[in-house]
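K.L.:
One structure, as C-alpha cells, below. Some questions next.
The values are calculated or read from the model by the stated rules, or taken from the named source; none is laboratory data. Since this is a predicted model, take the numbers as computed values, not measurements. Quick reminder, even Gly has a Cβ in these numbers, built from the backbone with ideal geometry, and neighbours come from all protein chains shown. Note: accessible area is taken over every heavy atom of the protein model, side chains too, but ligands, DNA and RNA are not part of it. Shrake-Rupley method; radii C 1.70, N 1.55, O 1.52, S 1.80 Å.
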Amino acid sequence: MSNMVKLTINETAVEAPAGTLLIDAAKLAGIEIPAFCYYEGMSLQAACRMCLVEIEKAPKLMAACVVPVAEGMIVRTESPAVVKARKTTLEFLLTNHPLDCPVCDKGGECELQDMVFKYGAGESRFTEVKQHVPEKQWSPVVFYDGPRCILCYRCVRVCNEGMGVGALGIVNRGVAAEIAPSHGDHLECDECGSCIDICPVGALTSGAYRYKTRPWEMEHVGTICTHCSNGCKTTLGVRNNEIVRGNNRDRSGVNGEFLCVKGRYAFDFNHHPERLQTPLLRVNGKLEEVSWSRALQAVVEKFKAGGKAGVVGSTRIANEEAYLLQKFARTVLKTNNIDHHRSGDVVTLLDSLSGKTATLGTADDCYNAKAVLIVGADLSQQQPFLANQIRANHRHHKAGIYVATPGAVREDKIAKASARTADGNWLPAVESMAEKLKGEKELLVLFGDSVKGEGVRKLVAFGESLGIPVKYICLVDYANSRGAMDMGLLPDLGPGYHAVEGAPGLTLPQMMAATDLDLLWVVGANPLARHTLASSKAFVVVQDLFLTETAQRADVVLPAASAYEKNGTVTNVCGQVQRLKRGVETVGAKTDLNIIGLIARGMGVNLGKVDADAVFAEIQKTVRGYNVPLPVIVTGGAAQTMPVNGRVPSTVLPELIQSSRDTLFTTGTLTRYSKILNEVMEAPGGLYR
Amino acid sequence: MKLYNPPSPLETKVISKRFGVENSWRLDTYLATGGFEAFKKTMEMSPDQIIDEVKASSLRGRGGAGFPTGLKWSFVPKNVEGPTYIVVNGDESEPGTCKDRLLIEHDPYQMIEGILIAARAVGASKGWVYIRGEYRYLIDHLDSVLKEAYQRGYLGKNIAGTGFDFDLYSQTGAGAYECGEESALLESLEGKRGVPRIRPPFPAVSGAFQRPTVLNNVETFSSVPEIIKNGGKWYADLGTPKNGGTRMVCLAGHVNKPGVYEVPLGMNMMYFINEIGGGMWKGKKMKATIPGGSSCPILRADECDIPMDYDSMAKAGTMLGSGGMMVMDEDTDMVKIALRIMRFYKHESCGWCIPCREGTTWLQKMLARIVDGNGAMRDVDMVGDLAKSMLGRTFCPLGDAAAMPTISIVEKFRPEFEAYVARNPFANSELVQVG
Amino acid sequence: MTFSPELEARFADLLTHYPPGRQRGALVPMLMYAQDEVGAVTPELMAELAKRLDVSVLQVDEVVGYYSMLHKKPQGKTHVQICTNVACMLRGGAELYDHACKKLGIGHKQTQASGVFSLEEVECIGACSWAPAIQLNYTFHHEVTTDKLDQLLEGLQ
C-alpha cells in the first residue's frame, strides 16, 4: 500500500497507514503507550499526559495520542525521560486521589491502580492535605465521587458524543474542576450508565452495583440481553448465583461496550421476590402450589384430551424453544392456531425483497452505511443500540441521516433532513427527501410498525426509485421477536416462512375471540394484558416467570427460567443469531425447552432429543436461512442468517402488527419487575434539553 | 486621558508618540498626526508586499512568545473559500504587564489601523479585540472609538473610500489568565471555557470559529502602521539584529520611577532601570529582576547587565516575555515571591491537564508550608524537582510559566529556602509536620 | 426574563458580531453585562441565556464556573478588589489587603452584612507599574496607600 508510513518505535520498525495516531501505531506493533484520556472512537483531549513519548528532533516529550505517524519518525516509549514523566504524572494524580482502594468499587479493575502498579513510583512524596469534596448522588444509578475523579473527560465524551445526550459537563476551574450533571444536582438522561462503565477509576459508580462485591469474586458470563430486539451482548457479573452487574467491557458482541439502561441494570427482575418458583394448579377455583409432576400430569391429561387448541409463543424465549413449541403444536396438538405478539412486518419485507440480494441491513450497516433513513421510529428510545451505531456512523463517517417520524427524535440533531409525519402517513415525508437521498451513494432504511403490509411494498418501491443500493431493517420489539417469526410462531407460516400444510390457523386475536377454544397454551407471553379471553371453558396453561394477568387466568402455571438462566440462541432485529449462555441456576423454575420436553414425554411423544444444541442442529438443517456457522455462535459471535430470498405466502392482515412502543425504561411485562428501571423511570425520557 | 506616569526623555517613542497629546484617542487627532497613511499606502501594495515589509521589520509578537509576526501572517492560507478573521489579544494578564491598556486608551486608532493592514495582508473581513474583563473601562472606551470609526467610515464598508470592508468588535473576557493563550482565547470567543486547543491546527489555519485567523497582541498590531509608513528596514534598525523596533516595557517594583516606557529593543537592562526607571528606591541594592512577566525565569542583580532583546534574554536563560519587568531590592523575600507566583498559577490553571492542575496545587501547598515554618530539608529539592516535572509536559505553556520562575528562584536563592526550613526544629526528621 | 432596554439593545447588537449559527460566542459578554444588571449569575439568568443562545444550562454553567469574575452570589454595592500579585506585593499590596480586611471587617470573597462592601484579594489586574492597585467595581485606583484606601472607602459608605 502506498499510503503506509514507516517509522521506528523502540528500535522496532513499524508500518502504519498515514494518519494513524502514534499511540495506535504503537499498539499495532504490540507496544503499549499508557493513557487515560485517549479513548478510541472519541474526540482527542491530550489532557492526561500519560502518553508522552520521546520523538527524535522534537524539543520536548510529545503526546502520542495527538501526533500522527510520520515517515522516518523515531520514537522511544521507554526512555528514561519518558519513564520519569509517567512516574511523576502518576504521582501528581495520586496527590488528590484518595487512596481508598480497599472500599472502592473499582478496586481490582481500576486503570489507575494498574498504571501505578506498572509505571508508578513505589513511594509517595506528597505530605500535604488532600483536596476533598463529598460524594454526590446524581440519579438512582449514578454516584460521583469528585476526589477520585482524574478528569479524563471520558464520561463527558461518551455522554455527549456517544449517546448524543450531553448530560455531563465540566464545572469550576483548576484543581476545583469537576464533572457536573445536566440539572444542577441531578441527572436527567438515558441513565445508560455508559459514564460509569467508561470511568477508568471509581469516580462514577453504579447505584445498582456499589458495595455489593469485589470484582474478583464474580464469575463473568457473556450472554444476550433479554429486553429489546437489538441483541446486545451483556456480560453478567454473577456472585453466589445472583447477577450483580451487567456490562460489556470486553467489547465482545455486536454492541462493543454499548449497553442501554436495560442491558446494564434491568437484569434485576431475575431476582424479584415475586419470581415463580413452584408450579401452580387451579384447585377449587384457586391457584395452589403443587409439585412439578402433579402440574405436568394435569397438563398432559388436558393435552391428550384434545379439542380446539390455541398456542401463544413468546418474543423472548430462545429459538430452540420457539421451534419446539411450534413443532409440538403442529405435530402433537395438530393445530396451526399458533401466533405471537408481532411488532414489525418482517414477513412482507422478506416477500417484497424476494429476488434481490444484499438488501437486509445489519447492525454493522448502521455504522457503515453512507446514509441512513429512519421511518416512523424513535430509535433512541426503542432501538438504543442501533441508534448508537447510527450516531457513531455520523460522528466517524459523517453519514447522512434522514428522519421521518411523528414526533421530534434525538436523531434530528444530526440529521441532514428531518420531516414530521402525520397520522401514520409517512410516505409524503419520505418522498420529500427523495432528491437529497438520490444524491447519496447508498442507503439503509430502518422502519417501525407504522410501515406494514402494502406500506412496506411502497417503501421498497421508493427505495428502488432512488437508483442507489438500499438495505432495510424492519424494526421489532423484543429479544427474540425476529426469531419467533423465523421459527414459525405464525398461523400461516412455518419455520423459515414456508406456507403451512393445510389451512392457516387462528391468529392471536382470533384465538382470544374464539368462544369455543378448549385449550390455550401460553409460553412466555401475556396476551391477557391487552386482550380478553372469550372462551370461558378454555383450559389455560401458562409458562412464565411471574404471575402475569394471563397466568392469573391459568389453570396450570409452570414457572419458567429467564433468558439469563438458559442456553440457546436468539435472533436480533437484524437477523443475527447469538448464543444465550446460562449465567445463574434456576431455583424451582425450568427452561421452556425443558418444560415442553417434559410434557412431550408425559404424552409419550418423541420430539427428538430435547436439548438446546440438538434442537439448534435441527433448526440449522430445516429452517431457511439458519444454516449458519456453528463455531461463530458457540464462540459467542453473531451469525447472520441468510436472507429467505423467495416469495413468502403470507395471509395475515398487517393490522395485527403493533409495536408496544416501549421507551428506554420499559420492555413489556418484564419491566414491572425491575426495581432499577422503576426507580430511574422518574426521569422524563424523550429528548433532554 | 491623563498619563499614569510621566514619560522619560530617554524613550524612543514610535507607538507611544501620541500618548499625552490632547484627545489622542480621537480620529481627528489621529488623522492630523499621520493616521491611516500607512493603510492607504497598503492599497498600493500586494498582500505579499505587506507581509514582506512586516517580515523585513523583524517585528516579533509582543504578547510573550516573540514569534515573528510576518511569518505568522504568511501561514494564513490564500484564496480559501469563506472568511478569514483577525483576533486581537488584549487579555493582558501576565503579572507585571500593563501596556496594552495604554495603547488602547491613548492611541486606539493606531491599533485599528494595524488591524486593517493585517486584514489587507491576509484578506480578512472581520475581527475581534478580546480584552480582559477587568478592563471594563477600556472596553467601554474602545466601544466608543469603534462607534466613531464606523460613523466616520473607518470601519465597515468601503473604509476611507478604499473599497475595503472590515468589521471590528470588542469582546470581553471574564477573568481568566489562561485566555491570554491564543487557542484558549479563541474558545472563550466562541462562548466556551477557556481551555486551550490541541495544535496543530494553528489559528492561521483554523482559528476563530474554525476559520483561518491572524491572532496577535495589541502592541504587535499597534506597531504595524509605523512599519508600513517608514519601511520595515527603518523599524528593524531601531533595534538589534532579528529584534526589530521598540517595545513597551512595564517597569514595576522597587524602583524610583516605575512606569511604562517605550524603548528600542536591545537597550541595556541596567541602563533602563537606572536611567529611565530612576534607579533603586530608598538607596537599596537590587537583588533580582523578573524581566518579562512572572512566567520568566528570574535574573540575579549580577545577571541584569544585558541587552533587552529576545535573543540576549534567551542567552541569559530567561525571556523578554510580555515586557513586564519587576525589580526587587535586597530586602525582598524570595521564598514568598516563589509562593506568590505559584499561588497565581494554581489559581489560573484551567485544570485540563494533570501535571499543571496537580503540580501547581502541590507546589503551592508545599511553598506555603515552607513559608509557615513547617518545611523540611527535602522540600527544598522537591520544589525544584516538581517544577521540573511540570516543565515541558503540560498541555499548554501555563505549566511552563509556573515552572520556569520557580526553578530559577530555587536555584538562585536556595539559601533563603534553607533558612526558612531551618526554622523548623523537625526539618531534618523523616516525619514531616504537615501544616 | 427580561432586561433593561439598554441591555436588550446591547445584546441585540452583540448577536450580530458572530458568524451565522455561532451566536454562542456572545455567551461570555452576555454573562458579564447581565451580571452587572442582575447583580449575580442567577439560575434564572443562566436558563435565559441558555435559551437565547440555544445551548444547555449545563453548557452555561460550565462557562460560569470557569471565569473568576462571574459570580453566582451577589456582591456588595462596592466590590473592593485588591491586587497582591508580585508587582503590587513588592509595593505593599498585601499590607493594603490586610488593612482592608480589618477596615471592612470581612475577608476574601466576603460581603458585609449591610451589603455595602464586599472584598476580594485578586490576581494581577494589569496596573503593575502603578502599584499597589485596586479596583472598586470596575474603577481602577493606582498607587493606593492605606490612607488613600480609607478615604476612598469612606466616600462610599
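K.L.:
Which pairs, out of B:K2/B:K315; A:K308/A:K581; A:K118/B:K346; B:K285/C:K109; A:K302/A:K590; A:K84/B:K315, put more than 26 Å between their alpha-carbon atoms?
P.N.:
B:K2/B:K315; A:K308/A:K581; A:K118/B:K346; B:K285/C:K109; A:K84/B:K315
K.L.:
While we're here: For chain C, what is the calculated [θ] at 222 nm in deg cm²/dmol (nearest 500), taking -39500 (n - 2.57) for each run of four or more DSSP H residues and dividing by its residue count?
P.N.:
-12500 deg cm²/dmol
K.L.:
By the scheme Lys and Arg +1, Asp and Glu -1, what is the net charge of all other residues having a beta-carbon under 15 Å from that of B:K17?
P.N.:
Net charge in that neighbourhood comes out at -4.
K.L.:
Accessible area per residue of the range A:359-450 at 1.4 Å probe, in Å²?
P.N.:
Counting only protein heavy atoms, the per-residue value for the range A:359-450 is 36 Å².
K.L.:
Whole Å is fine, so just give me how far the alpha carbon centre of the range B:166-245 lies from that of the range B:306-369.
P.N.:
Distance between centres, Cα-based: 23 Å.
K.L.:
Residue by residue through the range B:389-394, what is 3J(HN,Hα) from phi via Karplus (6.51 cos²θ - 1.76 cosθ + 1.60, θ = phi - 60°)? Round to whole Hz and write x for glycine and proline.
P.N.:
Calculated HN-Hα couplings, in order: 6, 8, 4, x, 10, 8 Hz.
K.L.:
Using a Gaussian network model of chain C whose springs link C-alpha atoms within less than 10 Å, name the residue from C:L45, C:L70, C:L58 with the highest mean-square fluctuation.
P.N.:
C:L58
K.L.:
Counting only the heavy atoms of the protein chains, how much of A:K441 is accessible to a 1.4 Å probe, in Å² to the nearest 10?
P.N.:
Spelled out: A:K441, probe radius 1.4 Å, area about 150 Å².
K.L.:
Continuing with the same structure: Once both axes come from the Cα atoms, what is the angle between helix C:27-38 and the longest principal axis of chain C, in degrees from 0 to 90, rounded to 10?
P.N.:
Once rounded, the angle reads 60 degrees.
K.L.:
Tell me whether the range B:261-374 comes out rounded, prolate or oblate; compute the Cα gyration tensor, take square roots of the eigenvalues as a ≥ b ≥ c, and use a/c under 1.5 as the rounded threshold.
P.N.:
The shape class here is oblate.
K.L.:
Taking amide hydrogens as modeled 1.01 Å from N in the peptide plane, which residues meet the under 5 Å criterion relative to B:G133, leaving out close sequence neighbours?
P.N.:
B:G173, B:A174, B:G175, B:A176
K.L.:
For chain A, just the Cα set please: Rg and Dmax, both in angstrom.
P.N.:
Both quantities, over Cα of chain A: 27.3, 90 Å.
K.L.:
Could you tell me which chymotrypsin sites (Phe, Trp or Tyr not before Pro) in the range A:157-230 are loop residues by DSSP with no more than 12 other beta carbons within 10 angstrom of their beta carbon?
P.N.:
A:Y211
K.L.:
Considering only protein heavy atoms and a 1.4 Å probe, what is the carbon-and-sulfur percentage of the accessible area of the range A:116-217?
P.N.:
Its accessible area is 56 percent carbon and sulfur atoms.
K.L.:
Which order do peptides A:526-533, A:118-125 fall in by mean Cβ count within 10 Å, highest first?
P.N.:
A:526-533, A:118-125
K.L.:
Could you please state how large a percent of the accessible area of the range A:4-78 is carbon and sulfur, counting protein chains only and using a 1.4 Å probe?
P.N.:
Summing carbon and sulfur atoms, their accessible area is 56 percent of the total for the range A:4-78.
K.L.:
May I ask for the Kirkwood hydrodynamic radius of the range A:346-475, worked out over all distinct Cα pairs and given in angstroms to one decimal?
P.N.:
After inverting the mean inverse Cα-Cα distance, the result is 14.2 Å.
K.L.:
Nothing charged except the Cβ atoms of Lys and Arg (+1) and of Asp and Glu (-1): what's the magnitude of the dipole of chain B about its Cα centre? Round to the nearest 20 debye.
P.N.:
Here chain B has a charge dipole of around 220 debye.
K.L.:
To continue, here is another question. For the pair B and C, how large is the buried accessible area, both sides, in square angstrom to the nearest 100, if the probe is 1.4 Å?
P.N.:
Separately minus together, B and C give about 4400 Å² buried.
K.L.:
Which percent of the accessible heavy-atom area of the range B:312-390 goes to carbon and sulfur, probe 1.4 angstrom?
P.N.:
C and S atoms contribute 50 percent here.
K.L.:
Could you tell me the center-to-center distance, by alpha carbons, between the range C:24-84 and the range B:9-74 in angstrom?
P.N.:
Comparing the Cα centres of the range C:24-84 and the range B:9-74, I get a distance of 36 Å.
K.L.:
Related question: Peptides A:47-54, C:89-96: what's the order by average Cβ count within 10 Å, highest mean first?
P.N.:
Listed from highest to lowest mean packing, they are A:47-54, C:89-96.
K.L.:
Starting from the Cα of B:K40, draw a straight line to each of the lysines and keep only those under 26 Å, dropping any in the same chain fewer than 8 residues away.
P.N.:
B:K13, B:K17, B:K55, B:K72, B:K78, B:K126, B:K147, B:K157, B:K229, B:K233
K.L.:
When ligands, DNA and RNA are left out and all protein chains stay put, how many square angstrom of accessible area per residue does the range A:113-271 have with a 1.4 Å probe?
P.N.:
Spelled out: the 1.4 Å probe surface of the range A:113-271, per residue, equals 33 Å².
K.L.:
B:K284 to A:K370: FRET efficiency via 1/(1 + (r/R0)^6), r the Cβ-Cβ distance, R0 56 Å, to the nearest 0.05?
P.N.:
For R0 = 56 Å, the calculated efficiency reads 0.15.
K.L.:
Next question, about the same structure. Enumerate by residue number the GluC sites (Glu not before Pro) in the range B:2-93 meeting two conditions: DSSP loop (anything except H, G, I, E, B), and at most 14 other Cβ atoms within 10 Å of the site's Cβ.
P.N.:
Within the range B:2-93, the qualifying GluC sites (Glu not before Pro) (loop, at most 14 other Cβ atoms within 10 Å) are B:E22, B:E44, B:E81.
K.L.:
Kindly write out, for the range A:468-474 in residue order, the coupling ³J(HN,Hα) from the Karplus curve 6.51 cos²θ - 1.76 cosθ + 1.60 (θ = phi - 60°), rounded to whole Hz, with x marking Gly and Pro.
P.N.:
Whole-Hz 3J(HN,Hα) from phi for the range A:468-474: 10, x, 10, 10, 10, 10, 8.
K.L.:
Using only the alpha-carbon atoms of the range B:20-97, report the extent along each of the three principal axes, biggest first, to the nearest angstrom.
P.N.:
Principal axes ranked by extent give 42, 39, 28 Å for the Cα atoms.
K.L.:
State the answer as a single residue: which of B:L265, B:M328, B:A316 lies farthest towards the positive end of the charge dipole of the range B:246-329, with beta carbon charges of +1 for Lys and Arg and -1 for Asp and Glu, about the Cα centre.
P.N.:
B:M328
K.L.:
Now for a different question. Rounded to two decimals, what is Rg over Rh for the range A:562-689 when you use alpha-carbon atoms and the Kirkwood radius?
P.N.:
Reported Rg/Rh (Cα atoms, Kirkwood Rh): 1.03.
K.L.:
A plus B alone minus the pair: what accessible area, both sides summed, probe 1.4 Å, in Å² to 100?
P.N.:
Using a 1.4 Å probe, the pair buries roughly 3100 Å².
K.L.:
Give the angle, between 0 and 90 degrees and rounded to the nearest 10, that separates the Cα long axis of helix B:136-151 from the longest principal axis of the Cα atoms of chain B.
P.N.:
Roughly 10 degrees between the two axes.
K.L.:
From the gyration tensor of the Cα coordinates in chain C, what semi-axes in whole Å does the equivalent ellipsoid have, largest first, with each one equal to sqrt(5λ)?
P.N.:
Equivalent ellipsoid semi-axes, largest first: 33, 17, 14 Å.
K.L.:
Principal axis lengths of the protein assembly as shown from Cα atoms, whole Å, largest first?
P.N.:
119, 77, 69
K.L.:
Which value, in nm² and rounded to one decimal, describes the direction-averaged projected area of the C-alpha convex hull of chain B?
P.N.:
If you wrap the Cα atoms of chain B in a convex hull and average its projections, you get 20.3 nm².
K.L.:
Continuing with the same structure: Starting from the Cα gyration tensor of the range C:5-66, multiply each eigenvalue by 5, take the square root, and state the resulting semi-axes largest first in whole Å.
P.N.:
So the equivalent ellipsoid measures 17, 15, 9 Å along its semi-axes.
K.L.:
Could you give the distance between the Cα centres of the range A:158-217 and the range A:553-600, to the whole Å?
P.N.:
Using only Cα atoms, the two centres lie 34 Å from each other.
K.L.:
Using 0.36 nm times the number of residues separating C:K103 and C:S56, minus their current alpha carbon distance, what extension gain do you get?
P.N.:
Between C:K103 and C:S56, full extension yields an extra 12.7 nm.
K.L.:
With everything on Cα atoms, drop me the angle between helix A:80-96 and the longest principal axis of chain A, reported from 0 to 90° to the nearest 10.
P.N.:
70
K.L.:
May I ask you to order B:366-373, B:386-393 by the average number of other C-beta atoms within 10 Å around their residues, highest value first?
P.N.:
Peptide ranking by packing, descending: B:386-393, B:366-373.
K.L.:
Ok, one more. What does the charge dipole of chain A about its Cα centre add up to, to the nearest 20 debye, if the Cβ of each Lys and Arg holds +1 and the Cβ of each Asp and Glu holds -1?
P.N.:
340
K.L.:
While we're on this one: Quick one: give the max-minus-min coordinate of the C-alpha atoms of the range A:431-569 along each principal axis, largest first, in Å.
P.N.:
If we take the Cα atoms of the range A:431-569, the spans are 60, 36, 29 Å.
K.L.:
Continuing with the same structure: Under a cut-off of 22 Å between alpha-carbon atoms, report the lysines in cross-link reach of A:K370, not counting same-chain residues fewer than 8 places apart.
P.N.:
By straight Cα distance, A:K370 reaches A:K356, A:K398, A:K413, A:K416, A:K436, A:K438, A:K441, A:K471.
K.L.:
Note down the accessible area of C:T139, probe 1.4 Å, to the nearest 10 Å².
P.N.:
Per-residue accessible area (C:T139): approximately 80 Å².
K.L.:
Just the number, please: buried accessible area between C and A, total of both chains, 1.4 angstrom probe, nearest 100 square angstrom.
P.N.:
700
K.L.:
Let me ask something additional. Between B:E275 and B:K78, with labels modelled 7 Å along Cα→Cβ, what's the label distance in nm to one decimal, could you check?
P.N.:
Output for this residue pair reads 4.4 nm.
K.L.:
Is the range B:319-435 rounded, prolate or oblate when judged by the Cα gyration tensor, a ≥ b ≥ c being the square roots of its eigenvalues, rounded requiring a/c under 1.5 and prolate requiring a/b larger than b/c?
P.N.:
Here the range B:319-435 falls in the oblate category.
K.L.:
How many partner chain Cβ atoms sit within 10 Å of a residue's Cβ in peptide C:116-126, on average, as a whole number?
P.N.:
Mean inter-chain Cβ contacts per residue within 10 Å come to 5.
K.L.:
Taking amide hydrogens as modeled 1.01 Å from N in the peptide plane, which residues meet the under 5 Å criterion relative to A:G246, leaving out close sequence neighbours?
P.N.:
A:G237
K.L.:
Go through the range C:13-26 residue by residue and turn each phi into a ³J(HN,Hα) via Karplus (6.51, -1.76, 1.60, θ = phi - 60°); whole Hz please, and just put x for glycine and proline.
P.N.:
Using θ = phi - 60°, the values come out as 5, 3, 5, 7, 6, 10, x, x, x, 10, 5, 4, x, 7 Hz.
K.L.:
Okay, next question. For the range A:158-186, which residues drop by 20 square angstrom or more in accessible area between the chain on its own and all protein chains together (1.4 Å probe)?
P.N.:
Checking the loss per residue gives A:G169, A:I170, A:V171, A:N172, A:R173, A:G174, A:V175, A:S182.
K.L.:
So with the 1.4 Å probe, I'd like the accessible area per residue for chain C, rounded to whole Å².
P.N.:
Per-residue value: 41 Å².
K.L.:
Name the GluC sites (Glu not before Pro) in the range A:507-612 that are in a loop by DSSP and that have at most 15 other C-beta atoms within 10 Å, would you?
P.N.:
Qualifying residues, ordered by number: A:E585.
K.L.:
Follow-up. Mind giving me the FRET efficiency for B:N5 and C:A9? R0 is 41 Å, r the Cβ-Cβ distance, nearest 0.05 is fine.
P.N.:
The computed FRET efficiency comes out at 0.60.
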